Ligand SMILES: CC(C)(COP(=O)(O)OP(=O)(O)OC[C@H]1O[C@@H](n2cnc3c(N)ncnc32)[C@H](O)[C@@H]1OP(=O)(O)O)[C@@H](O)C(=O)NCCC(=O)NCCS
(Lines give C-alpha, C1' and ligand atoms only; values in the text may rest on other atoms or scores of the structure.)
Protein backbone atom coordinates (compact mmCIF):
# COMPACT_ATOMS: atom_id res chain seq x y z
CA UNK A 1 0.00 0.00 0.00
CA UNK A 2 1.33 3.43 -0.90
CA UNK A 3 2.31 5.59 2.04
CA UNK A 4 0.11 8.61 2.66
CA UNK A 5 1.66 12.03 2.17
CA UNK A 6 1.15 15.24 4.08
CA UNK A 7 2.29 18.75 3.32
CA UNK A 8 4.44 20.44 5.94
CA UNK A 9 1.82 23.18 6.14
CA UNK A 10 -0.75 20.65 7.38
CA UNK A 11 1.39 20.12 10.48
CA UNK A 12 2.22 23.75 11.22
CA UNK A 13 1.05 25.29 14.48
CA UNK A 14 1.66 28.46 16.46
CA UNK A 15 1.53 29.60 20.04
CA UNK A 16 1.93 33.16 21.28
CA UNK A 17 2.40 34.05 24.93
CA UNK A 18 3.17 36.98 27.18
CA UNK A 19 6.03 36.86 29.65
CA UNK A 20 4.59 37.05 33.16
CA UNK A 21 6.56 37.71 36.39
CA UNK A 22 6.28 34.02 37.32
CA UNK A 23 7.93 33.05 33.98
CA UNK A 24 11.25 34.87 34.44
CA UNK A 25 14.64 33.92 35.92
CA UNK A 26 16.96 35.98 38.15
CA UNK A 27 17.99 38.08 35.14
CA UNK A 28 14.35 39.01 34.54
CA UNK A 29 14.25 37.17 31.20
CA UNK A 30 12.12 34.17 30.25
CA UNK A 31 13.21 31.09 32.25
CA UNK A 32 14.81 28.52 29.91
CA UNK A 33 12.85 25.65 31.45
CA UNK A 34 9.58 27.44 30.73
CA UNK A 35 10.57 27.90 27.08
CA UNK A 36 11.60 24.23 26.82
CA UNK A 37 8.19 23.18 28.12
CA UNK A 38 6.54 25.41 25.47
CA UNK A 39 8.78 23.84 22.81
CA UNK A 40 7.95 20.24 23.75
CA UNK A 41 4.27 21.13 24.03
CA UNK A 42 3.95 22.71 20.58
CA UNK A 43 6.17 20.07 18.95
CA UNK A 44 3.83 17.36 20.25
CA UNK A 45 0.90 19.14 18.59
CA UNK A 46 2.70 19.31 15.21
CA UNK A 47 3.52 15.59 15.58
CA UNK A 48 -0.10 14.71 16.33
CA UNK A 49 -1.38 16.78 13.38
CA UNK A 50 1.02 14.84 11.19
CA UNK A 51 0.26 11.27 12.20
CA UNK A 52 -3.09 11.60 14.06
CA UNK A 53 -1.85 9.09 16.64
CA UNK A 54 -0.25 8.96 20.08
CA UNK A 55 3.34 10.15 20.09
CA UNK A 56 6.21 10.38 22.56
CA UNK A 57 9.27 12.60 22.53
CA UNK A 58 12.24 10.40 21.66
CA UNK A 59 14.80 13.20 21.79
CA UNK A 60 15.33 16.92 21.83
CA UNK A 61 18.44 18.17 20.06
CA UNK A 62 20.20 21.07 21.74
CA UNK A 63 17.87 23.99 22.27
CA UNK A 64 19.84 27.02 21.17
CA UNK A 65 18.91 30.16 23.10
CA UNK A 66 20.00 32.85 20.68
CA UNK A 67 18.35 35.92 22.19
CA UNK A 68 16.90 36.63 25.66
CA UNK A 69 13.15 37.19 25.97
CA UNK A 70 12.14 40.10 28.22
CA UNK A 71 8.88 40.90 30.05
CA UNK A 72 7.98 43.54 27.42
CA UNK A 73 8.26 40.94 24.65
CA UNK A 74 5.76 38.47 23.26
CA UNK A 75 7.05 35.00 22.50
CA UNK A 76 5.82 33.22 19.38
CA UNK A 77 6.55 29.56 18.74
CA UNK A 78 6.09 27.98 15.33
CA UNK A 79 6.38 24.20 14.92
CA UNK A 80 6.16 21.89 11.92
CA UNK A 81 7.28 18.45 10.78
CA UNK A 82 10.38 18.61 8.61
CA UNK A 83 11.13 14.95 7.95
CA UNK A 84 9.76 11.49 8.65
CA UNK A 85 11.44 8.10 9.01
CA UNK A 86 9.47 4.90 9.55
CA UNK A 87 7.86 5.49 12.96
CA UNK A 88 9.70 8.69 13.83
CA UNK A 89 9.39 12.26 12.68
CA UNK A 90 11.51 15.36 13.11
CA UNK A 91 9.86 18.57 14.28
CA UNK A 92 11.44 21.99 13.98
CA UNK A 93 10.49 24.69 16.47
CA UNK A 94 11.28 28.32 15.79
CA UNK A 95 10.88 30.85 18.60
CA UNK A 96 10.43 34.53 17.68
CA UNK A 97 10.47 37.21 20.33
CA UNK A 98 8.79 40.51 19.49
CA UNK A 99 9.34 43.68 21.46
CA UNK A 100 5.77 44.85 21.89
CA UNK A 101 6.76 48.53 22.15
CA UNK A 102 9.03 48.78 19.08
CA UNK A 103 7.90 45.80 16.99
CA UNK A 104 11.51 44.57 16.73
CA UNK A 105 11.51 40.82 16.04
CA UNK A 106 14.36 38.35 16.63
CA UNK A 107 14.82 34.61 16.40
CA UNK A 108 15.14 33.85 20.12
CA UNK A 109 15.65 30.08 19.92
CA UNK A 110 15.50 27.07 17.62
CA UNK A 111 15.15 23.37 18.35
CA UNK A 112 14.73 20.05 16.59
CA UNK A 113 12.81 17.27 18.31
CA UNK A 114 12.12 13.68 17.32
CA UNK A 115 8.79 12.05 18.11
CA UNK A 116 7.74 8.43 17.67
CA UNK A 117 4.17 7.38 16.76
CA UNK A 118 2.19 4.55 18.38
CA UNK A 119 -1.00 2.85 17.25
CA UNK A 120 -4.00 1.85 19.38
CA UNK A 121 -2.19 -1.36 20.42
CA UNK A 122 0.74 0.73 21.63
CA UNK A 123 2.95 -0.55 18.81
CA UNK A 124 5.23 1.73 16.84
CA UNK A 125 3.48 2.60 13.60
CA UNK A 126 4.43 3.87 10.20
CA UNK A 127 3.98 7.62 9.77
CA UNK A 128 3.13 9.43 6.51
CA UNK A 129 5.73 10.96 4.19
CA UNK A 130 6.17 14.70 4.53
CA UNK A 131 6.12 17.03 1.54
CA UNK A 132 7.96 20.35 1.86
CA UNK A 133 6.94 23.32 -0.31
CA UNK A 134 8.56 26.59 0.76
CA UNK A 135 12.29 27.32 0.52
CA UNK A 136 12.62 27.10 4.32
CA UNK A 137 10.75 23.76 4.45
CA UNK A 138 12.81 22.29 1.59
CA UNK A 139 16.11 23.31 3.23
CA UNK A 140 15.10 21.79 6.56
CA UNK A 141 13.89 18.62 4.81
CA UNK A 142 17.07 18.20 2.79
CA UNK A 143 19.33 18.62 5.81
CA UNK A 144 17.29 16.25 8.02
CA UNK A 145 18.95 12.90 7.11
CA UNK A 146 22.31 14.25 8.35
CA UNK A 147 20.74 15.26 11.66
CA UNK A 148 19.07 11.83 11.95
CA UNK A 149 22.45 10.18 11.43
CA UNK A 150 24.03 12.31 14.15
CA UNK A 151 21.19 11.34 16.50
CA UNK A 152 21.86 7.67 15.85
CA UNK A 153 25.49 8.15 16.98
CA UNK A 154 24.42 10.20 19.98
CA UNK A 155 21.82 7.62 20.98
CA UNK A 156 24.45 4.86 20.92
CA UNK A 157 26.76 7.03 23.03
CA UNK A 158 23.90 7.73 25.51
CA UNK A 159 23.18 4.01 25.78
CA UNK A 160 26.83 3.26 26.40
CA UNK A 161 26.96 5.93 29.09
CA UNK A 162 23.74 4.65 30.71
CA UNK A 163 25.13 1.12 30.90
CA UNK A 164 28.07 2.46 32.89
CA UNK A 165 26.08 4.67 35.29
CA UNK A 166 25.01 3.45 38.71
CA UNK A 167 21.36 3.51 39.85
CA UNK A 168 22.40 3.53 43.51
CA UNK A 169 21.14 6.53 45.48
CA UNK A 170 23.99 8.53 47.08
CA UNK A 171 22.73 7.76 50.60
CA UNK A 172 22.57 3.98 50.01
C1 LIG B 1 11.71 6.65 22.07
C2 LIG B 1 11.30 5.20 22.18
C3 LIG B 1 9.84 5.05 21.82
C4 LIG B 1 12.16 4.39 21.20
O5 LIG B 1 11.79 3.05 21.37
P6 LIG B 1 12.69 1.85 20.81
O7 LIG B 1 11.95 0.58 21.02
O8 LIG B 1 14.06 1.97 21.37
O9 LIG B 1 12.61 2.23 19.31
P10 LIG B 1 13.43 1.89 18.03
O11 LIG B 1 14.89 1.67 18.27
O12 LIG B 1 12.67 0.82 17.30
O13 LIG B 1 13.25 3.29 17.28
C14 LIG B 1 12.00 3.70 16.80
C15 LIG B 1 12.20 4.96 16.01
O16 LIG B 1 12.56 6.00 16.90
C17 LIG B 1 13.81 6.56 16.52
N18 LIG B 1 14.51 6.91 17.75
C19 LIG B 1 14.60 6.15 18.86
N20 LIG B 1 15.31 6.81 19.80
C21 LIG B 1 15.65 8.00 19.25
C22 LIG B 1 16.39 9.12 19.72
N23 LIG B 1 16.93 9.15 20.95
N24 LIG B 1 16.53 10.17 18.90
C25 LIG B 1 15.99 10.17 17.67
N26 LIG B 1 15.29 9.14 17.16
C27 LIG B 1 15.14 8.06 17.96
C28 LIG B 1 14.52 5.48 15.74
O29 LIG B 1 15.49 5.99 14.86
C30 LIG B 1 13.35 4.85 15.00
O31 LIG B 1 13.01 5.68 13.91
P32 LIG B 1 12.29 5.06 12.58
O33 LIG B 1 11.18 4.16 13.01
O34 LIG B 1 11.75 6.29 11.89
O35 LIG B 1 13.36 4.37 11.81
C36 LIG B 1 11.55 4.64 23.63
O37 LIG B 1 12.94 4.72 23.92
C38 LIG B 1 10.77 5.40 24.66
O39 LIG B 1 9.59 5.15 24.88
N40 LIG B 1 11.43 6.36 25.35
C41 LIG B 1 10.74 7.17 26.37
C42 LIG B 1 9.91 8.27 25.71
C43 LIG B 1 9.40 9.25 26.71
O44 LIG B 1 9.08 8.88 27.82
N45 LIG B 1 9.36 10.53 26.31
C46 LIG B 1 9.05 11.62 27.18
C47 LIG B 1 7.62 11.75 27.52
S48 LIG B 1 6.56 11.84 26.12
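The values are calculated or read from the model by the stated rules, or taken from the named source; none is laboratory data. Not measured: the values here are computed from a predicted model. No Cβ is skipped: glycine too gets one built from the backbone with ideal geometry, and neighbour counts run over all protein chains shown.
In this structure, does residue 92 turn out to be over 21 Å from residue 32 (Cβ atoms), touching a helix residue (DSSP H, G or I) at 6+ places or on another chain (Cβ under 6 Å), away from the ligand (no atom under 12 Å from the Cβ) and in contact (Cβ under 8 Å) with a residue 12 or more places away in the chain?
When the stated conditions are applied, residue 92 does not pass them.
Determine the pairs where a residue that is under 12 Å from residue 47 (Cβ atoms) and in contact (Cβ under 8 Å) with a residue 12 or more places away in the chain, located within the stretch 73-88, has a partner that is away from the ligand (no atom under 16 Å from the Cβ) and assigned to a strand (DSSP E or B) with Cβ atoms under 7 Å apart, the partner being 6 or more residues away or on another chain.
Once the first residue is under 12 Å from residue 47 (Cβ atoms) and in contact (Cβ under 8 Å) with a residue 12 or more places away in the chain and sits in the stretch 73-88, its partners that are away from the ligand (no atom under 16 Å from the Cβ) and assigned to a strand (DSSP E or B) give 79/13.
Select from the stretch 124-145 the residues that are over 14 Å from residue 92 (Cα atoms) and within 13 Å of the ligand (Cβ to nearest atom) and list them in ascending order.
Matches in the stretch 124-145: 124, 125, 126, 127, 128, 129.
Taking interchain pairs and intrachain pairs at least six residues apart, which have beta carbon atoms under 6 angstrom, with the first residue in the stretch 27-40 and within 13 Å of residue 17 (Cα to Cα) and the second within 16 Å of the ligand (Cβ to nearest atom)?
Going by the 6 Å Cβ cut-off, the qualifying pairs are 39/93; 39/111.
If you take the residues of the stretch 106-123 that are surrounded by 14 or more Cβ atoms within 10 Å (Cβ to Cβ) and farther than 12 Å from residue 84 by Cα, which of them is farthest from the ligand (Cβ to nearest atom)?
The extreme case among them is 106.
Just a yes or no: is a residue in the stretch 134-143 at pLDDT 95 or above, part of a strand (DSSP E or B) and out of contact with any helix residue (DSSP H, G or I) (no Cβ under 9 Å at 6 or more places or on another chain)? Break it down into steps so the answer makes sense when it comes.
Applying the first criterion (at pLDDT 95 or above) to the stretch 134-143 yields 134-143.
Within this subset, residues satisfying the condition of being part of a strand (DSSP E or B) are none.
No.
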